[in-house]
1. Counting only the backbone N, which residues of region A:7-31 are under 15 Å from the spot 7 Å out from the Cα of residue A:55 toward its beta-carbon?
2. Pairs of lysines 8 or more apart, or on different chains, with alpha carbons under 27 Å: count those in chain A, would you?
3. So for chain B, if I pair up every lysine 8 or more residues apart or on another chain, how many of those pairs have alpha-carbons under 12 Å apart?
4. Stokes-Einstein D for chain A at 25 °C, 0.890 mPa s, Kirkwood Rh over Cα pairs, in µm²/s?
5. Averaged over A:104-114, how many beta carbons belonging to a partner chain fall within 10 Å of each residue's beta carbon?
6. Could you work out the relative contact order of chain B? I mean the mean sequence separation of Cα pairs under 8 Å and 6+ apart, divided by the number of residues, in percent.
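Where a number appears in this text, it was derived from the coordinates with a stated rule and is not lab data. All figures in this text were calculated on a predicted structure; none of them were measured in a lab. Using ideal geometry, Cβ is built from the backbone for each residue, glycine included, and neighbour counts are taken over all protein chains shown.
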Amino acid sequence: AQKVTQAQTEISVVEKEDVTLDCVYETRDTTYYLFWYKQPPSGELVFLIRRNSFDEQNEISGRYSWNFQKSTSSFNFTITASQVVDSAVYFCALSEVGLGGGFKTIFGAGTRLFVKA
Amino acid sequence: DTAVSQTPKYLVTQMGNDKSIKCEQNLGHDTMYWYKQDSKKFLKIMFSYNNKELIINETVPNRFSPKSPDKAHLNLHINSLELGDSAVYFCASSPNLASGSGVGNIQYFGAGTRLSVL
């Protein structure tokens with residue numbers, strides 16, 4: 001069965017600090033996809049990154065970086081030099097092919113990040 | 001040009017009423033979804049349609065009935081609304097479900113519809 005755990009419910013940092021959001025997943029499939037989405041206070045859900053299970057390369061995009069480790073079933077997200085605009089709820093998600101052939105995506109409970117000026 | 005648009009943005013109604021939420025995507029995607037986000041921000045899939053056919057139905061009460069007149073639209077009709085239905089409902093779409101090696105399952109979300117049942 002699929003499961004995504006984001007153990008950190010809330011994190012509070014001061015601007016310019018680095019912060020890492022943890023994500024641990026469970027799956028029996030060998031082919032799966034991992035995502036991070038951002039939900040700012042305005043409420044929309046914004047796609048940040050997708051990783052497939054065969055690609056363990058870490059990725060950096062500006063101040064954002066992601067560390068995918070299959071050995072520990074983790075897909076952690078680091079924000080470097082955080083800014084107030086990074087304040088949001090961040091969701092980790094796992095997607096597998098479901099019974100009907102479509103992708104079934106399970107979201108973690110989310111981590112609320114507060115960045116104080 | 002809104003890619004995935006939902007209407008209405010806010011919906012306030014009484015228990016027992018029937019209401020609909022509309023969703024349209026102009027991205028040319030084959031697959032559309034409905035999610036429910038509760039007050040604790042927990043996001044859970046309800047339905048998924050691919051080319052107008054239901055492919056995922058996640059133990060949702062049958063008071064909820066999705067309708068897909070064409071692959072660009074997935075509407076959600078809710079009968080006999082209950083207090084527990086109060087939530088934010090998100091519509092999403094993704095490209096061809098089979099193209100997992102490409103961007104097939106990246107989901108693009110609408111802005112959400114906040115439903116309040118009084």
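1. Residues A:31 fall inside that zone.
2. Number of lysine pairs found: 9.
3. So the count works out to 5.
4. 169
5. 4
6. 35
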